[in-house]
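The values are calculated or read from the model by the stated rules, or taken from the named source; none is laboratory data. Everything numeric here is computed off the predicted structure, so don't read it as measured data. With ideal geometry, Cβ positions are generated from the backbone for all residues, glycine too; neighbour counts draw on all protein chains shown. The accessibility values were calculated without ligands, DNA or RNA, using every heavy atom of the protein model including side chains. Shrake-Rupley method; radii C 1.70, N 1.55, O 1.52, S 1.80 Å.
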Amino acid sequence: MEFISLLGRVFIHFLRASGQLGIFTVKAIYNCFTPPFYFKKIAEQLIEIGFYSLPVVALTTFFAGAVIALQTYTGFARFSAEGAVAMVVLIAVTRELAPVMAGLMVAGRIGAAMAAELGTMRVTEQIDALSTLSTNPFKYLISPRILAGIVMMPVLVLIGDVIGICGGYIIGVYKLDFNASSYLVNTWNFMEPMDVISGLVKASVFGFIITLLGCYNGYNSKGGAQGVGSATTNAVVSASILILIFNYILTEIFFNS
Amino acid sequence: MTERKNPAQKEFNKTLVQKTMALFSSKQPHPIKIKLSNVHKSFGKKVVLDGLDLDIRKGESLVIIGGSGTGKSVTLKSILGLLTPEEGSITVDGVEVVNASTKVHEQVNAQIGMLFQGAALFDSMTVWENVAFGLIQGHKMKKKEAKKIALEKMAQVGLTADVGDLYPADLSGGMKKRVGLARAIATHPEIIFFDEPTTGLDPIMSDVINDLIVDSVKKLGATAVTITHDMTSARKIADRIAMLYKGKIIWIGTVKEIEKTKNPYVVQFINGSAQGPIQMAVKADD
C-alpha cells in the first residue's frame, strides 16, 4: 500500500513539474515574439552564447573529428574500406558529433551560468524588483536568452562542422597518410545538404532546450545558496538528458521517414 | 430693517461657504487607495493569509507590524501580483489585481515603488543605472536625462555623484538601502512599499533611513505601506499601525492609540516579551 502511495506521489510530482515547465515554455515563447524587445540584452546574449562558447566548441569538435577518423580507419581496415574515412567523418561530424557535443558543452557552460545568474537574482529579489520597475522579467531576462540560444547554436555548430572535418583531415593526412587533395575531394563529393541542415536544425532545438531549462531552473529556484546550486545542477542534467532524447527523435524524423 | 448686502459682502460669504465646505470635506476620511478583502493565501498546508481585510487610505503612511511568518511580505507581494491569493479581492485605485492580466499588473505596478529588504539592487549595473532603471525601461526616458534625475534622487537620500559609478557590491548595507530608496522614489510613484527598511542596520543608520522615508513620502505625497518588526521605526514612520497575526489584521490604530491599547497581542509585541498569547513559530516562511 505504501509503495502505491509513493508511486502516486512521484507521479503527481512529475505531472506538476511537467505542467509548470509547459506553462513556462508557452509564456517564454509568447514573450519572445511580442514587444517590447530588449535588443541590447539580445545582443549581449548573442555574444555570450556565440562568441564566448566558441573555444570550447572548437576544441571539442576538433578532437571529435580527429578521433572518428582514427577509429574509422582502424575499424574499416578490417575489411579494406579505409577509403570511407572522409565520408564517415563528414557524416558523423555534421549529423551527430558537432550538434551533440556542442549542445552538451554549451549546456554545461551557458545553461549552468543562466541558472546560477537567474537563481541568484530570484533569491535576492532582483526579479521581483524588475516587476516593480515596469519591466516584465520574462521579456527582459528570459526571451533574450532563448532567442540568442536558438540563433547562435546553429552558428556554433556550423563552425564546429568545419573544425571537426579539419580534425579528421589532419589525422587522415598527417597520421594515416591519405592524399590531402583526394581526402578533400571525397569530403566535398559525399557532402549532402541534408547532413548539414539536419545538424543545424538539431542545434537550434538544443539551443532552445539549454536556454529554456537554464532559465526555468534559475527563475524558479528557491531558498539561498543551496537552492541556486541545485537549480544549476538540474539545469545542466535535465538539458543534457533532453538533448540526447531529442537528438534521437530528430534523427528519426530526418533520416528514418 | 433688513440691510441690503453689497456685492463684496456677497463674495465674502460665498468664499466663506466654500472654505467651510473644503474644511468639512478634509475632515472626511481619505479615499481608499488599496483595499484587501478576505484575502487567503497558503503554501501547501501552511496558511499564511487567512481572510485578511485591510483598507489603506490615500496619502497615509501605514505600517504593518507582526512577527516572522505572519504574512507581511506575502501581503505586499500579493498586491504587486508577484503572488496570487487563492481567494479574496485586492484593489488598487479600484482596479482588481487578483488574477489580473500581466498588462493590468504592469499598469498598477507602474505607480508603485518598492524598497526591498535586501535592497535587491541589480548587481550587473552601476548605482546610477539602478536608480535610473525605472525611468529608462518604464518611462522610456533618454539615458542622459535619466542619469540627471537619478543623481538628483541620490542626492536626496544623501549619496554623492561619485557613488553613482560604483557597483552595488562595493556598497555597505546602509548605502544599499539608500540606493534602493532612491530607486523606489525615482519614478514619482503614488504608492511606496517598504519591506523591513531598517532590518540589518545599526540604530543610527536605521534612524537615518527612517528620516529619509518620512521625508521622501512627504515630498511625494505618496501612500506608503511599510512592513517591519522594528517598533522604533514604526512609531517614526506611521500615521496608522496595523498588526498582522496568523494571517489576519488583529489590531489597527494610530501611533498614539497603540501606546494605550490593552490588546494583549499588541502589548506583547511592542514590549518584545516572550511571555504572552503570541507563540513564536520556530519555522519562519515569511
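When N counts the residues of chain A, how does its alpha-carbon radius of gyration compare numerically with 2.2 N^0.38 Å, as a ratio?
On the way: Rg = 21.3 Å, N = 257, 2.2 N^0.38 = 18.1 Å.
Ratio of Rg to 2.2 N^0.38 Å for chain A: 1.17.
Please report, to one decimal in angstroms, the Kirkwood hydrodynamic radius of the stretch A:1-79 built from all distinct Cα-Cα pairs. Intermediate values should be presented prior to the final figure.
Working: mean 1/r = 0.0553 Å⁻¹.
Here the Kirkwood hydrodynamic radius works out to 18.1 Å.
What are the radius of gyration and Dmax of chain B, computed over its Cα atoms and given in Å?
Expressed in Å, the Cα Rg and Dmax of chain B come to 21.8, 83.
State which entries of B:Lys58/B:Lys142; B:Lys177/B:Lys236; B:Lys35/B:Lys219; B:Lys72/B:Lys144 exceed 26 angstrom in Cα-Cα distance in the structure shown.
Details: B:Lys58/B:Lys142 31 Å; B:Lys177/B:Lys236 17 Å; B:Lys35/B:Lys219 24 Å; B:Lys72/B:Lys144 38 Å.
Flagged as over cut-off: B:Lys58/B:Lys142; B:Lys72/B:Lys144.
Considering only B:Thr187, B:Thr254, B:Thr228, give the residue with the highest GNM mean-square fluctuation for chain B, with springs between Cα atoms whenever their separation is below 10 Å.
Residue with maximal mean-square fluctuation among B:Thr187, B:Thr254, B:Thr228: B:Thr254.
Determine the dipole magnitude for the stretch B:143-221: charges of +1 sit on the beta-carbon of Lys and Arg, -1 on that of Asp and Glu, nothing else is charged, the reference point is the Cα centre, and the result goes in debye to the nearest 20. Each step should come with its number before you reach the end.
On the way: 11 positive and 12 negative charges, 79 e Å.
The calculated dipole for the stretch B:143-221 is roughly 380 debye.
Using the Cβ atoms and a cut-off under 14 Å, what net charge is assigned to the surroundings of B:Ala119, where Lys and Arg are +1 and Asp and Glu are -1? It would help to have the intermediate numbers written out before the result.
On the way: positive: B:Lys176, B:Lys177, B:Arg178, B:Arg183; negative: A:Glu125, A:Asp128, B:Asp123, B:Asp170, B:Asp195, B:Glu196.
Summing Lys and Arg as +1 and Asp and Glu as -1 gives -2.
Can you give the mean number of other chain Cβ atoms that lie within 10 Å of the Cβ atoms in peptide B:124-137?
On the way: counts 4, 0, 0, 0, 0, 0, 2, 0, 0, 5, 6, 2, 2, 8.
Mean number of neighbouring Cβ atoms from other chains: 2.
Taking the Cα centre of the stretch A:43-252 as origin and charging only Cβ (+1 Lys, Arg; -1 Asp, Glu), how large is the dipole, in debye to the nearest 20? It would help to have the intermediate numbers written out before the result.
On the way: 9 positive and 12 negative charges, 52 e Å.
Around 240 debye, computed over the stretch A:43-252.
Quick check: net charge around B:Leu201, other residues with Cβ under 15 Å of its Cβ, Lys/Arg +1 and Asp/Glu -1? Spell out each step's value before the answer.
Numbers: positive: B:Lys176, B:Lys177, B:Arg178, B:Lys236; negative: B:Asp195, B:Glu196, B:Asp202, B:Asp207, B:Asp211, B:Asp230.
Result for the local shell: -2.
Mean-square fluctuation check for chain B, GNM, Cα pairs under 10 Å: which of B:Phe43, B:Phe122, B:Phe269 is largest?
Evaluated over chain B, the most mobile residue of the options is B:Phe43.
Taking only Cα atoms, what is the 0 to 90° angle, nearest 10, from helix A:180-190's long axis to the longest principal axis of chain A?
Taking Cα atoms only, the helix is inclined about 60 degrees.
Where the only charges are on Cβ atoms (+1 Lys, Arg; -1 Asp, Glu), what is the dipole of the stretch A:108-177 about its Cα centre, to the nearest 20 debye? It would help to have the intermediate numbers written out before the result.
Details: 5 positive and 5 negative charges, 7 e Å.
Roughly 40 debye, rounded to the nearest 20.
Could you report the stretch A:43-252's accessible area per residue, 1.4 Å probe, as an integer in Å²? Spell out each step's value before the answer.
On the way: 8620 Å² over 210 residues.
Dividing the accessible area of the stretch A:43-252 by its residue count gives 41 Å².
Can you give the alpha-carbon Rg of the protein assembly as shown over 2.2 N^0.38 Å, where N counts its residues? Don't skip to the end; give the middle numbers.
On the way: Rg = 31.1 Å, N = 543, 2.2 N^0.38 = 24.1 Å.
Compared with the compact-globule rule of thumb, the protein assembly as shown sits at 1.29.
Using the Cβ atoms and a cut-off under 14 Å, what net charge is assigned to the surroundings of B:Gln107, where Lys and Arg are +1 and Asp and Glu are -1?
Details: positive: B:Lys103; negative: B:Asp93, B:Glu96, B:Glu106, B:Glu190.
Its environment carries a net charge of -3.
For the stretch B:73-218, what does the convex hull of the Cα positions come to per residue, in cubic angstrom? Could the numbers behind the result be given before it?
Numbers: hull volume 16.9 nm³, N = 146.
So the per-residue hull volume is 116 Å³.
Any chance you could get the radius of gyration and Dmax over the Cα atoms of the stretch B:209-284, in Å?
13.7, 41
Over both sides of the A-B contact, add up the buried accessible area with a 1.4 Å probe and give it to the nearest 100 Å². Working shown, then result.
Numbers: alone 13440 and 15510 Å², together 27300 Å².
Answer for the A-B pair: about 1700 Å² buried.
Would you mind telling me the share, in percent, of accessible area of the protein assembly as shown contributed by carbon and sulfur at probe 1.4 angstrom?
Values: 17170 of 27300 Å².
About 63 percent, which is the carbon plus sulfur part of the accessible surface.
Provide the three semi-axes, in whole Å and in decreasing order, of the ellipsoid equivalent to the stretch B:119-188 as defined by the square roots of 5 times the Cα gyration tensor eigenvalues.
Working: eigenvalues 59, 28, 23 Å².
After diagonalising the Cα gyration tensor, the semi-axes are 17, 12, 11 Å.
Just to confirm the number: angle between the C-alpha axis of helix A:54-76 and the first principal axis of chain A, 0 to 90 degrees, nearest 10?
40 degrees
Going by average Cβ density within 10 Å per residue, which order do the peptides B:239-245, A:162-168, B:257-263 take, highest to lowest?
Details: B:239-245: 21.4, A:162-168: 24.0, B:257-263: 13.3.
So the peptides B:239-245, A:162-168, B:257-263, ranked by packing, come out A:162-168, B:239-245, B:257-263.
Please give the residues from the stretch B:77-123 for which the solvent-accessible area of heavy atoms, probe 1.4 Å, is smaller by at least 30 Å² with all protein chains in place than with the chain isolated.
Correct list: B:Lys77, B:Leu82, B:Glu106, B:Asn109, B:Phe116, B:Ala120, B:Phe122, B:Asp123.
Just counting partner chain Cβ atoms within 10 Å, what average do the residues of peptide B:237-246 show around their Cβ?
Values: counts 0, 0, 0, 0, 0, 0, 0, 0, 0, 0.
That works out to 0 on average.
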